[in-house]
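Colleague: Sharing a structure, written as structure tokens. Questions coming.
Nothing in this text is a laboratory measurement; each read-out follows from the coordinates by a stated rule. What you see is a predicted model, and the numbers here were worked out from it, not measured in a lab. Using ideal geometry, Cβ is built from the backbone for each residue, glycine included, and neighbour counts are taken over all protein chains shown.
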Amino acid sequence: MSRPPAVACEGAPRDLGLDQGRFARHQVAQALREVPHPGFLDRWFPDPHEPAVRTGRDLRRYFPHMAERTTGLARGARVREQALWQLLRDRVGERSGATLAAAGCVVRAVDAPSADLLVRRSAPGEDFRSIELVLPGLVPALAGVNEHGLVVVGSWTASPGVEDTEPCRAPGLLLVQDCLQRFRGVGAAVEWCERRPAGGETTIVLADATGALAAVHVTPQVRQVVEPRDGLLVAPFATERAEALRKEVASATRLDAATLAAALLTGGEAGAVRIHLEPGVPRLGVQGAGDGSPEWIELLPGEGRSV
């Protein structure tokens, strides 16, 4: 399997988005063609209660860096910013997949061909650099690891609903990028995810170079911190699928990346790309269903724009 194309993004938030949009212009256009055309794009003054318009409003209110990146992404891809708000709403949960994590390794399944994904190297000004797996038309990563070895994975995401009572329409997947940019370890990232507004439903899985491991299940009303059980963290948790994955791992003598990837392969994720993340290096690996081992991409010290 060929790995996804790679893009380097550097600078202020809008510049980061601009780099991504220019590189992935054709992929973004294709993604927008696959989304039903929303009526509000035809109007000069969209209804402020439109779900996608509210998503954009809350994106600016609660995630200003991510909003600036989205503006740059729209300009680089030559599409309307409002269309990316719609994409953020409609596509945020489509690549949901199970995540298995143990000390030193995290593996996430992504139900998408590698050509529909990007490997992104982010160097956001004064914030922490990271290497990530992303959908071309979205700013928040599906999974990534930063220069201090913090792994952050968005697993089992669902878009916000349409009820006007929801306090925030910006989806919880945005917390992945926030944590990669801001934090060195699991503890501070967990606290951030517990406090920040977010819509929809998302499980954020976190691991760091010290061996710390935790997840935060994020909904508009409740934040639940999930600790590993018997050294293993499974997302989604407390479901039949999670228990099935635990059974796949139970007979293994070691909780290493190969064991976790094999469990995902036989536990209902047979056609998925598996993303490996190692906090200690840090690095990201891409493994197709037929691949014996992942293809690794490392985040190098002092790395610039080259990919």
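Colleague: For segment 185-233, which semi-axes, largest first and in whole Å, follow from the square roots of 5 times the eigenvalues of its Cα gyration tensor? The partial results should precede the final answer.
Modeller: Numbers: eigenvalues 78, 29, 10 Å².
In descending order, the three semi-axes are 20, 12, 7 Å.
Colleague: P(r) tail for the chain, what percent of Cα pairs lie past 30 Å?
Modeller: On the way: 12150 of 46971 pairs.
Across the chain, Cα pairs with separations above 30 Å total 26 percent.
Colleague: Projected onto the charge dipole of the chain (+1 at Lys/Arg Cβ, -1 at Asp/Glu Cβ, origin at the Cα centre), which of Phe128, Leu277, Leu100 gives the Cα projection farthest towards the positive end?
Modeller: The listed residue farthest towards the positive side: Phe128.
Colleague: Just to be sure I follow the definition: excluding the sites themselves, where is the longest run in the chain that has none of the GluC sites (Glu not before Pro) in a DSSP loop with at most 14 other Cβ atoms within 10 Å? Mind dumping the intermediate values first?
Modeller: Working: sites that count: Glu34, Glu94, Glu126, Glu163.
Excluding the exposed sites themselves, the longest stretch runs over 164-307.
Colleague: Under 12 Å from the Cβ of Ala242, count the other residues' Cβ atoms, weight Lys and Arg +1, Asp and Glu -1, and hand me the total. Spell out each step's value before the answer.
Modeller: Numbers: positive: Arg229, Arg241, Arg246, Lys247; negative: Glu240, Glu243, Glu248.
Net charge around Ala242: +1.
Colleague: What's the angle, to the nearest 10 degrees (0 to 90), between helix 257-266's Cα axis and the longest principal axis of the chain?
Modeller: Value to nearest ten degrees: 70.
Colleague: Let me ask something additional. Would you calculate the separation in nanometres between label points at Val281 and Lys247, each defined as 7 Å from the Cα along the Cα-to-beta-carbon direction?
Modeller: About 3.3 nm, to one decimal.
Colleague: Shifting gears a bit: Might you report the magnitude of the Cβ-based charge dipole of segment 93-298 about its Cα centre, with Lys and Arg at +1 and Asp and Glu at -1, to the nearest 20 debye?
Modeller: With Lys and Arg at +1 and Asp and Glu at -1, about 220 debye.
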